[in-house]
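First up is the structure itself, then whatever we jot down about it.
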Amino acid sequence: MVKKYNKISEEVDSKASKFLRYLEDALEGEAFDFIKGLTLETNVYLFSGIIRNYFLHNYLIRDVDLVVGTSVDIPKI
């Protein structure tokens, strides 16, 4: 099980910079800038269909699901 997890983890890590470019291209400028601003304040976790769409090479994004690590002053961002 550990080997399988390590292989998945390596695969995800190797795609990180490509996923960031995908996210920037797929989102409108303000949405990407907002997420980028959040990452300067706290840990940001994206999940759900956006990750699936990346691996399917699908640029249709209806929404972005985020979880933040700590409380953030949204108006400041």
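The values are calculated or read from the model by the stated rules, or taken from the named source; none is laboratory data. A quick note: this is a predicted structure, and the numbers were derived from the prediction, not measured. Here the Cβ positions follow ideal geometry from the backbone for every residue, glycine too, while neighbour counts run over all protein chains shown.
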In this structure, does residue 29 turn out to be without any contact (Cβ under 8 Å) to a residue 40 or more places away in the chain, over 12 Å from the mean Cα position of the chain (by Cα) and under 17 Å from residue 77 (Cα atoms)?
-> yes
Do we find that residue 13 is under 22 Å from residue 73 (Cα atoms) and in a helix (DSSP H, G or I) in this structure?
-> no
Looking only at the stretch 40-54, and only at residues there that are assigned to a helix (DSSP H, G or I) and loosely packed, with under 11 Cβ neighbours inside 10 Å, the one that is nearest to the chain's Cα centre (by Cα) = 52
Show the residue pairs that are 6+ apart or on different chains and have beta-carbon atoms under 9 Å apart, the first residue being within the stretch 47-72 and without any contact (Cβ under 8 Å) to a residue 12 or more places away in the chain and more than 11 Å from residue 23 (Cα to Cα), the second being basic (Lys, Arg) and surrounded by 11 or more Cβ atoms within 10 Å (Cβ to Cβ).
-> 55/15
If residue 58 satisfies every condition in (1) outside any helix (DSSP H, G or I); (2) modelled with pLDDT of 90 or more but one, which is the exception?
-> (2)
